[in-house]
1. Does N9 satisfy the criteria of being modelled with pLDDT under 95, among the polar types (S, T, N, Q) and either loosely packed, with under 11 Cβ neighbours inside 10 Å or touching a Cys at 6+ places or on another chain (Cβ under 8 Å) (or both)?
2. For residues in region 14-34 being in contact with a helix residue (DSSP H, G or I) (Cβ under 9 Å, 6 or more places away or on another chain) and closer than 18 Å to A3 by Cα, which is surrounded by the fewest Cβ atoms within 10 Å (Cβ to Cβ)?
3. Could you please give the count of residues in region 30-50 that are part of a helix (DSSP H, G or I) and either in contact with a strand residue (DSSP E or B) (Cβ under 8 Å, 6 or more places away or on another chain) or without any contact (Cβ under 8 Å) to a residue 40 or more places away in the chain (or both)?
4. Would you tally the residues in region 35-50 being surrounded by 11 or more Cβ atoms within 10 Å (Cβ to Cβ) and over 13 Å from the mean Cα position of the chain (by Cα)?
Amino acid sequence: MGAVIAATNVISAEGAKKAIEKKLGYKFEQNPKLRELNFKAIDRGMELMK
């Protein structure tokens with residue numbers, strides 16, 4: 001997802017993270033590490049596109 005964000009600039013990284021938070025927030029409450037993993041994956045994908 002991060003790679004697509006970086007390649008298209010259709011949405012900002014922060015916007016994508018907010019959308020993921022909204023959709024998966026209940027899972028993040030059960031396992032907070034999932035939030036960190038998802039957000040790191042977005043950041044890493046964006047880095048790879050540079």
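1. yes
2. Here the residue is G15.
3. Residues in region 30-50 being part of a helix (DSSP H, G or I) and either in contact with a strand residue (DSSP E or B) (Cβ under 8 Å, 6 or more places away or on another chain) or without any contact (Cβ under 8 Å) to a residue 40 or more places away in the chain (or both): 10 in total.
4. Qualifying residue count, region 35-50: 1.
The values are calculated or read from the model by the stated rules, or taken from the named source; none is laboratory data. What you see is a predicted model, and the numbers here were worked out from it, not measured in a lab. Glycine gets a Cβ as well: all are built from the backbone with ideal geometry, and neighbour counts include every protein chain shown.
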